[in-house]
Amino acid sequence: MPPRKKTIKRRAWTPEDVKEFKSLAKAKTPAVKIAHRFKRTEGAIRQKALDLVVSLNARGAPHRTKSHSPGKTVLGVTSDGVRILRQKRSTHFSQRELRNAIALARSGDG
């Protein structure tokens, strides 16, 4: 007699499961770890996240680059200028526009 296949048993999500699921997702726990915790497949976890409109983005904090030494330039902009631009959240500017924004910020007009 051939070995028996495992039967799939569907289990409903309890309110406690949903609450814990949301807290794990908010803590950016990877879907694989959440799946192991609930003894469900990763696909089931991802589907539940879609149903609950919960993000499973587990990338964590944005990558930080090493700060540049004072005086060094990136595209002709000093590290001080880069810091000023980050404070102003300026993006998608040409090199000339970046320099002008930095000059304005340093003069106090920006």
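Residues in region 20-43 that are more than 21 Å from the chain's Cα centre (by Cα) and either free of Cβ contacts under 8 Å to residues at least 12 places away in the same chain or outside any helix (DSSP H, G or I) (or both): 4 in all.
Taken over region 44-57, the criterion of being of a type in the set (Gly, Ala, Ser) and under 17 Å from the mean Cα position of the chain (by Cα) is satisfied by Ala49, Ser55.
Checking region 6-13 against the condition returns a match, with at least one residue being within 28 Å of the chain's Cα centre (by Cα), surrounded by 11 or more Cβ atoms within 10 Å (Cβ to Cβ) and at pLDDT 75 or above. Being surrounded by fewer than 11 Cβ atoms within 10 Å (Cβ to Cβ), at pLDDT below 90 and touching a helix residue (DSSP H, G or I) at 6+ places or on another chain (Cβ under 8 Å) is a property that does not hold for Ser90.
The values are calculated or read from the model by the stated rules, or taken from the named source; none is laboratory data. Bear in mind the structure is a predicted one, so any value in this text is a computation, not a measurement. When we count neighbours, we look across all protein chains shown, and the Cβ atoms used for this are built from the backbone with ideal geometry, even at glycine.
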